[in-house]
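The values are calculated or read from the model by the stated rules, or taken from the named source; none is laboratory data. Because the structure is a prediction, the values reported are computed rather than measured. Please note: Cβ atoms are built from the backbone with ideal geometry, for glycine as well, and neighbour counts cover all protein chains shown. With ligands, DNA and RNA removed, areas are computed over all heavy atoms of the protein, side chains included. Shrake-Rupley method; radii C 1.70, N 1.55, O 1.52, S 1.80 Å.
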Amino acid sequence: MTNQDTAVWVEKDKKQLHPVYHPKTHINPLVIERGEGVWLYTTDGQKILDGMAGLWNVNIGYGNEELARAAYDQMKALAFTSNFAGMTNLPSIKLADKLAGFAYEGLNTTFFTSGGSEANDSAFKTARYYWKRKGKPGKYKVIARKGAYHGVTLAATFATGLEKYQTMFGPAIDGFVHIPAPNRYRFEGDRRPGESVGQAAARALEEAILHEGPETIAAFIAEPVMSVGGLIVPPDDYFPLIRAICDKYEVLLISDEVITGFGRTGEWFALKHWNIKPDILSFAKAITSGYAQLGGIQISDEIRETMESAAESEAYMHGYTYSGHAMACAVGIKNLELMEKENYPARAKELGKRLLDGLKTLLEFSFVGDVRGLGLLCGLEIVSSKETKAADPALTMKIFKAAQERGLRTRPLGNVLAFSPPLSITEEEVDEIVKRLGAAMDSIGGN
Ligand SMILES: Cc1ncc(COP(=O)(O)O)c(C=O)c1O
């Protein structure tokens, strides 16, 4: 395609309202035509190393023939049928069967959605439903963390702890409370002498529950590794303490693994790193490696059993047209099969270490304040001074653009640059990320 053709398409693209849009952020969009492995190709001839696997989801890499075939075969046989109670289809049965106990022991029931926001909405509604069935209808509030990202349905928007996603959509809906995240680099909560960041951040949960009243709290939701909020890897003592507090006050623990699920952090699911399990799990994205729109929640056997004894007037009146979409589920089954065959979590662990070690060499730049990650989920914090740790989003944006000019796609999240490449990435390609980012930083100076 010529540059002129691309300009025509970009002009026509104005008919589309893009997600997360402001006119200034969509002046010269990249028009992506095809992808292969970790590489994206634009209509004007650029070849870009996608250090973000799309939006943290294309774990298997681009251009996978077998997933395309799975979609084709299923669409031909049956693309879609209603999955509302009274009807079902084979791919959704097989995928739910495969997922039973796959992420965490005791989470054997799956409810399908089309993506992560719907998954979290479903998690909140299911938590409310559960407590009503248990005779505790006053338990409806959800505690989340500042900096959390849980999606963009109205409920997920206000579960999210990032103001910029909320400012233009208020007033806030009732029932969401936010506490500080366990950020080791810049903890914003109250930390007592001798207390670890993990202990202080967990204490914030207990205090919030007591402040609101345990009889009002339905659930606590957390991303095991906070992603959009700046790549926060929690200290090891945090989640075991969180689990104990949730148990103590009868609060359901919702693990939002929309990004961390399906191998990204080096385990199939991330709470495994700390040997605990949630009551509800939200997943999406990499279940199909982005080849089809699919997400869902898994619920504990306890929650499932509570639903089974409901009167008909208490039916679970919740479901999406595309819940259990036959084609999407068929793609999910094939994707899981391929990821298991290649042991993708082990790859993420090994190559994640290589990426993190490589990124740590960039700490030599005066503006790289911190480098952190778990598996193939890493972030660099850009600061104007290592001493004051003052966040520098403007410089972060400059580095992002300089990297893009060098054919490397990362994502600026405030003052953090994120990396979440396909798990199919090779060692050489990992090194290429570090090399291109280093060159981008060199072009800016600051040693
Ligand atoms: C942790 C987390 N939860 C939920 C979502 C929302 O998922 P979706 O965009 O598929 O609705 C995202 C999306 O990035 C996410 O990162």
For the stretch 40-61, give me each residue that is open to solvent by 40 Å² or more (accessible area, probe 1.4 Å), under 17 Å from residue 410 (Cβ atoms) and of a type outside the set (S, T, N, Q).
47, 55
Provide a single number: the residues in the stretch 307-321 that are part of a helix (DSSP H, G or I) and among the aliphatic types (A, V, I, L, M).
1
Is it fair to say residue 144 is at pLDDT 95 or above, farther than 25 Å from residue 382 by Cβ and part of a helix (DSSP H, G or I)?
no
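Residue by residue, here is whether (1) buried (at least 24 other Cβ atoms within 10 Å of the Cβ); (2) in a helix (DSSP H, G or I) holds:
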residue: 292; (1), (2): no, no
residue: 305; (1), (2): no, yes
residue: 332; (1), (2): yes, yes
residue: 347; (1), (2): no, yes
Qualifying residues in the stretch 397-431 (those that are among the small types (Gly, Ala, Ser) and closer than 18 Å to residue 20 by Cα) - the one nearest to the chain's Cα centre (by Cα):
418
Check whether at least one residue in the stretch 239-261 is of a type in the set (A, V, I, L, M), open to solvent by 10 Å² or more (accessible area, probe 1.4 Å), closer than 20 Å to residue 185 by Cα and within 13 Å of the ligand (Cβ to nearest atom), and report yes or no.
no
Would the stretch 302-317 turn up any residue that is within 16 Å of the ligand (Cβ to nearest atom) and farther than 15 Å from residue 70 by Cβ?
no
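Does residue 224 qualify as being away from the ligand (no atom under 12 Å from the Cβ), open to solvent by less than 10 Å² (accessible area, probe 1.4 Å) and not hydroxyl-bearing (Ser, Thr, Tyr)?
On the way: away from the ligand (no atom under 12 Å from the Cβ): no; open to solvent by less than 10 Å² (accessible area, probe 1.4 Å): yes; not hydroxyl-bearing (Ser, Thr, Tyr): yes.
Spelling it out, it is not the case that residue 224 is away from the ligand (no atom under 12 Å from the Cβ), open to solvent by less than 10 Å² (accessible area, probe 1.4 Å) and not hydroxyl-bearing (Ser, Thr, Tyr).
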Can you tell me which of (1) open to solvent by 40 Å² or more (accessible area, probe 1.4 Å); (2) within 11 Å of the ligand (Cβ to nearest atom); (3) of a type in the set (D, E, K, R) is the one residue 121 doesn't meet?
(1)
